[in-house]
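What follows is a single structure, written as structure tokens, with notes after it.
The values are calculated or read from the model by the stated rules, or taken from the named source; none is laboratory data. As the structure is a prediction and not an experimental result, all values here were calculated from the model. Every residue, glycine as well, gets a Cβ built from its backbone with ideal geometry; the counts of neighbours run over all protein chains shown. Each accessible area value is taken on the protein alone, full model and side chains, heavy atoms only, with ligands, DNA and RNA left out. Shrake-Rupley method; radii C 1.70, N 1.55, O 1.52, S 1.80 Å.
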Amino acid sequence: MESAAAQAPSQAEEQWIAVDRCPACGSAQCKAQGALPDRYYVFGSEKIRLPDAGIKLFECCACGLIYKTAVPAPAFLAEIFGRQAAAKWSGSHDFSAEATKLLRLMGRSAFDVLDVGAADGALLKACAESGIQGRRSALDVLRYPGVEGFVSSEFIEGFLDDALLQWSREPYDVVTLFDVLEHLYQPQRAFANLGLLVKPGGQVVIETGNIDSFWPRRFGIHEWWYVRLFEHHVFWTPRALTRIAAVYGFELVSWTQRRHKSRRHIPFSVLGNELLKTGLYCVLPDSYTALARLLGKQGNQPWFPFARDHLHACLKKKG
């Protein structure tokens with residue numbers, strides 16, 4: 001069933017926020033990087049009609065961030081999430097490897113962890129099972145079922161870029177942000193909050209899409225599956241991340257490219273189908289989209305299982 005946004009264009013226009021300058025640095029100097037080729041987003045079982053003018057992508061000339069010219073208003077986003085998020089993100093991820101890397105990063109087992117975008121608490125669960133001692137806290141816009149069982153300290157309800165986060169004011173040794181930075185409305189406020197949430201000398205561990213990677217650059221940023229998601233607003237490069245980190249007292253100490261966490265352990269039964277779709281897309285991208293739409297699908301770019309299109313970065317707060 002189509003959402004109210006898809007059914008009532010005039011109402012839909014009021015549910016979008018126009019973006020006319022870089023959300024990360026405020027610069028109005030930018031260059032066009034295409035437009036989303038779709039007429040609507042698909043989120044769960046709902047179709048969400050785009051604004052009549054469509055949605056364009058711009059690259060900031062000052063810091064390199066890619067951003068959309070229209071994003072859903074927070075209340076509208078929350079309304080859709082409330083109906084669809086539980087079904088859309090019902091699966092859980094095994095974060096045991098990430099917890100082991102946190103232990104290596106810190107060089108000790110006693111440290112406090114705050115997981116931003118904690119969902120069902122899978123990362124906090126892995127931290128507890130790997131022997132990490134100290135506070136385990138979560139920050140998320142929703143209290144997902146089961147998360148409380150893995151939180152030993154506080155649950156902070158809200159967005160990272162909220163103006164007034166309600167929390168203990170006791171900062172953390174490590175703050176983790178796996179697949180969070182692309183959801184931000186106000187990156188500057190988010191990094192200002194990180195400056196409060198992290199202890200001097202503490203670490204911020206980030207994973208997000210890397211717009212500078214081969215896959216989006218090869219087929220066009222506007223075609224990348226990652227930018228064609230309703231809930232994704234801004235898209236990062238190491239350059240953009242380094243710049244905003246420095247403004248708020250952090251330094252980028254390391255970064256690597258890797259696959260999205262859902263692509264790292266694909267069952268063999270699924271792999272063949274994914275490779276077949278990717279092969280068709282690479283050879284005949286226009287035909288792929290047309291065929292998908294003929295079959296009632298949206299026609300988004302498929303996920304190449306081996307694409308290293310994500311950025312894993314560690315920031316350190318200056319002491």
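Against the chain, whose longest principal axis is taken from its Cα atoms, helix 268-283 shows a tilt of about 50°. Taking other residues whose beta carbon is less than 13 angstrom from the beta carbon of residue 58, and scoring Lys, Arg as +1 and Asp, Glu as -1, yields +2. For the range 35-62, the residues whose backbone nitrogen is under 17 Å from a point 7 Å from the Cα of residue 219, taken along Cα to Cβ, are 35-39, 42. Heavy-atom accessible area with a 1.4 Å probe sorts 39, 143, largest first, into 39, 143.
For the chain, the Kirkwood estimate of the hydrodynamic radius, built from every pair of different alpha carbons, is 20.5 Å. Taking a straight Cα-Cα cut-off under 21 Å and skipping sequence neighbours fewer than 8 places away in the same chain, the lysines within cross-link reach of residue 56 are 31, 47, 68.
Between residue 255 and residue 293, what is 0.36 nm times their sequence separation minus the Cα-Cα distance? Round to one decimal in nm.
Values: separation 38, 0.36 × 38 = 13.68 nm, distance 3.76 nm.
Gain in length upon complete extension: 9.9 nm.
Largest GNM mean-square fluctuation across 277, 125, 56, computed for the chain with C-alpha springs under 10 Å, falls on 277.
What FRET efficiency comes out for residue 94 versus residue 271 if R0 is 25 angstrom and r is the Cβ-Cβ distance? Round to the nearest 0.05. Walk me through the numbers on the way to the answer.
Numbers: r = 18 Å, r/R0 = 0.71.
Computed FRET efficiency for residue 94 and residue 271: 0.90.
Accessible area per residue for the chain, computed on protein heavy atoms with a 1.4 Å probe, is 45 Å².
With the highest mean first, a sort of the peptides 169-180, 95-106 on other beta-carbon atoms found within 10 angstrom per residue produces 169-180, 95-106.
The calculated P(r) of the range 19-82, using every Cα pair and 5 Å bins from 0, goes 4, 17, 23, 20, 18, 13, 5, 1 in percent.
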